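Below: one structure, written as structure tokens.
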Amino acid sequence: MIRDPHDLQRYTASERANHWVTGICFILLALSGLSLFHPALFPLTMLFGGGTWTRILHPFIGVVMMLFFVVMFFRFQGLNRMREADWEWVKRAKEMVNGDDHNMPEMGKYNGGQKLLFWFLGVAMLVLFVSGIVIWRAYFSASFPIGVVRLGALLHAVFAALMIAAIIVHVYAAIWVRGTIRAMLYGTVTRAWAKQHHRAWYKQMTGK
Amino acid sequence: MALQSLDIAKRSATTTESPQARKTLEVAKLIDVSKCIGCKACQVACMQWNDLRDEVGTCAGTYDNPRDMTDQSWTVMRYAEVETEERGLEWLIRKDGCMHCEDPGCLKACPAPGAIIKYANGIVDFHQENCIGCGYCVSGCPFNVPRISQKDSKAYKCTLCSDRVAVGLEPACVKVCPTGSISFGSKVDMQELAAERVTELKERGFKNAGLYDPAGVGGTHVMYVLNHADKPALYSGLPADPTIAPTVTLWKSVAKPLAMAGMAAAALGGLFHYVMKGPNEVSKEIEAEVERELEGEK
Ligand code: HEM
Ligand code: SF4
């Protein structure tokens, strides 16, 4: 399915599948988790077959997400090391958000914001996984002192909220920057897209 | 146990007001530890009335049996051998179970609407039909009371015999206690009864005797008369100043509203950014540049 032979390959099929499994798990986790987080959202448990099923399913989905996230993390971590230009990008992010990206420094495959998001998600997943195990009453909570379980519940809620907010930004950025979503759908982007947003990567890919 | 004959004052995971037109008397159970002989009649009565039967356990060298509360044992007697300066060796026996807090941590932590109810008379009750089995009540409780069943994953604890109280009966344990160590009535009456008994105990040399009705949880609807009220920990670790843990308060009273606002702000922020700044399109200029580069390749 080649749309244009000049398009640049950004993700392999297996990278895309990996991302989508993680993404679907995340949406299910966010919906099921939020349903238990605030009474106003409790009706969301109906999507999972009621409150008890939501409680049962959520942590298992969490484990699946963690497995796929870890694979994705190690696939992409090398490309997400922060460099000088990335910090410069972060400092100027405001200009970009205001709609003027003319003076933004040249970026490689990922920009400074994407990289920071990547590392934040790594930390958040680790905290959510560990605290999620601690508050998993059916199998694990009894092995931890009550103070640890309480702290686990607090951390799980806080990091879940932060991660949900971060993913909202992540998804919005993909919508806002036109021509991005196809990277995760068919794996390719146009040359002009690459040149505008990731010029160093564009040069590396095309030799121009 | 779902009961329509008692008015509801507070309901878990519910943000609107409970009906409040009818006023009922607040009740309390008073356990006079100084009169308890540790016969466990109350444990048996509790099992009998509530149709519970715990597994036969093993003897660990003390009278504590079962060793701990379970989904089948909603009250257990705890036996502590302590040496006090004034009186030497003492055997302090405490009937443990839900304290029926005025400000119940279990209810605060519970995410399932209507799984935990506080009746207007002060009784805190778990409604298993609404319970989802998450165990948050265990984290919320300052007294380590709720127990999750291994079989059905529902939370259980002492109901203060809400079903009996609803029809004007006293709790089963109160009815059966052979020494009159457990009394039941209005909270005010129980406080008066306790005050009389505390005076008596003081006259008999227990100078630190007192009532245990901890203010940190707004008072409780199960109260103890203790002969050493200055040291509740002597009674198998009864907390001196129980409160809902600060982590639980942070989680439920601070993180919850802030997080909801934060997530809503992120979503709305995105929408308004798009509407006000417009999409970030690839510029015509760069498209033309790329076209020229490709032309050059040919
Ligand atoms: C990484 C593996 C994860 C595990 C093992 C896990 C486990 C749990 C457990 C055991 C609970 C308590 C309710 C229940 O028993 O079902 C819970 C609640 C929750 N989880 Fe997770 N979870 C994980 C990941 C996530 C993720 C990625 C999110 C964010 C989208 C999330 C959001 C939530 C929320 C919002 C709650 C409710 C918190 C509250 O009531 O305060 N979880 N999780
Ligand atoms: S003692 Fe524990 S279970 Fe009983 S009302 Fe208080 S917080 Fe709830």
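Below is a table of values for the structure above.
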quantity	calculated
Tally, over region B:270-298, of residues that are in a helix (DSSP H, G or I) and facing another protein chain (nearest Cβ under 8 Å)	10
Flag if B:I117 is modelled with pLDDT of 95 or more and within 22 Å of A:G49 (Cα to Cα)	no
Of residues in region B:242-263 being polar (S, T, N, Q) and assigned to a helix (DSSP H, G or I), the one surrounded by the fewest Cβ atoms within 10 Å (Cβ to Cβ)	B:S253
Filter pass, B:V56 being of a type in the set (V, I, T) and either under 30 Å from A:G50 (Cβ atoms) or modelled with pLDDT of 95 or more (or both)	no
Residue that is farthest from the other protein chains (Cβ to nearest Cβ) [pool: residues in region A:124-142 that are within 8 Å of ligand 1 (Cβ to nearest atom) and among the aliphatic types (A, V, I, L, M)]	A:M125
Within region B:13-50, considering residues that are of a type in the set (K, R) and part of a loop (DSSP other than H, G, I, E, B), the one nearest to B:L211 (Cα to Cα)	B:K40
Qualifying residues in region B:139-157 (those that are open to solvent by less than 20 Å² (accessible area, probe 1.4 Å) and of a type in the set (A, V, I, L, M, F, W, C)) - the one farthest from ligand 1 (Cβ to nearest atom)	B:V145
Residue within region B:221-241 that is at the interface with chain A (Cβ under 8 Å from one of its Cβ atoms), modelled with pLDDT of 95 or more, open to solvent by 40 Å² or more (accessible area, probe 1.4 Å) and touching a helix residue (DSSP H, G or I) at 6+ places or on another chain (Cβ under 7 Å) present	no
Any chance A:A161 is within 14 Å of the chain's Cα centre (by Cα), small (G, A, S) and at pLDDT 95 or above	yes
When residues of region B:142-187 are limited to those that are under 18 Å from B:C131 (Cβ atoms) and either charged (D, E, K, R) or more than 16 Å from ligand 2 (Cβ to nearest atom) (or both), the one nearest to the chain's Cα centre (by Cα)	B:K157
Failed condition for A:I181, given (1) open to solvent by 20 Å² or more (accessible area, probe 1.4 Å); (2) touching a residue at least 60 places away in the same chain (Cβ under 8 Å); (3) away from ligand 1 (no atom under 16 Å from the Cβ)	(2)
Where A:L121 falls short, out of the listed (1) at the interface with another protein chain (Cβ under 8 Å from one of its Cβ atoms); (2) crowded, with 18+ Cβ neighbours inside 10 Å; (3) farther than 30 Å from B:R147 by Cβ	(1)
Enumeration of residues in region A:143-153 that are under 22 Å from A:L121 (Cβ atoms) and more than 8 Å from ligand 1 (Cβ to nearest atom)	A:L151, A:G152
Flag for A:V127 being among the β-branched types (V, I, T), under 21 Å from B:C110 (Cβ atoms) and open to solvent by less than 40 Å² (accessible area, probe 1.4 Å)	no
Count of residues meeting criterion [more than 17 Å from the chain's Cα centre (by Cα), within 20 Å of A:R16 (Cα to Cα), within 8 Å of chain B (Cβ to nearest Cβ) and not basic (K, R)] in region A:176-196	3
B:G114, sole failed condition from (1) among the small types (G, A, S); (2) within 16 Å of ligand 1 (Cβ to nearest atom); (3) touching a strand residue (DSSP E or B) at 6+ places or on another chain (Cβ under 9 Å)	(2)
Filter pass, A:A173 being surrounded by fewer than 17 Cβ atoms within 10 Å (Cβ to Cβ) and more than 7 Å from chain B (Cβ to nearest Cβ)	no
Out of B:P113, B:P19, B:P104, sole residue that is of a type outside the set (K, R), outside the structural domain of B:V222 (by TED's automatic domain parsing) and open to solvent by 40 Å² or more (accessible area, probe 1.4 Å)	B:P19
Checklist (1) open to solvent by less than 30 Å² (accessible area, probe 1.4 Å); (2) over 16 Å from B:A28 (Cβ atoms); (3) in contact with a strand residue (DSSP E or B) (Cβ under 9 Å, 6 or more places away or on another chain); (4) among the hydrophobic types (A, V, I, L, M, F, W, C) applied to B:V165, failing item	(2)
Condition met for A:A157 (over 20 Å from B:G133 (Cα atoms) and buried (at least 21 other Cβ atoms within 10 Å of the Cβ))	no
Residues (in contact (Cβ under 8 Å) with a residue 40 or more places away in the chain and either of a type in the set (D, E) or open to solvent by less than 30 Å² (accessible area, probe 1.4 Å) (or both)) located in region B:78-89	B:Y79, B:A80, B:V82, B:T84, B:E86
Lone unmet requirement of (1) closer than 30 Å to A:K195 by Cβ; (2) facing chain A (nearest Cβ under 9 Å) for B:V248	(1)
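The values are calculated or read from the model by the stated rules, or taken from the named source; none is laboratory data. This structure is a prediction, so every number in the text was calculated from the model and none was measured. Cβ sites come from the backbone with ideal geometry, for glycine too, and all protein chains shown count toward neighbours. Remember, those area values only see protein heavy atoms, side chains included, never the ligands or the DNA or RNA. Shrake-Rupley method; radii C 1.70, N 1.55, O 1.52, S 1.80 Å.
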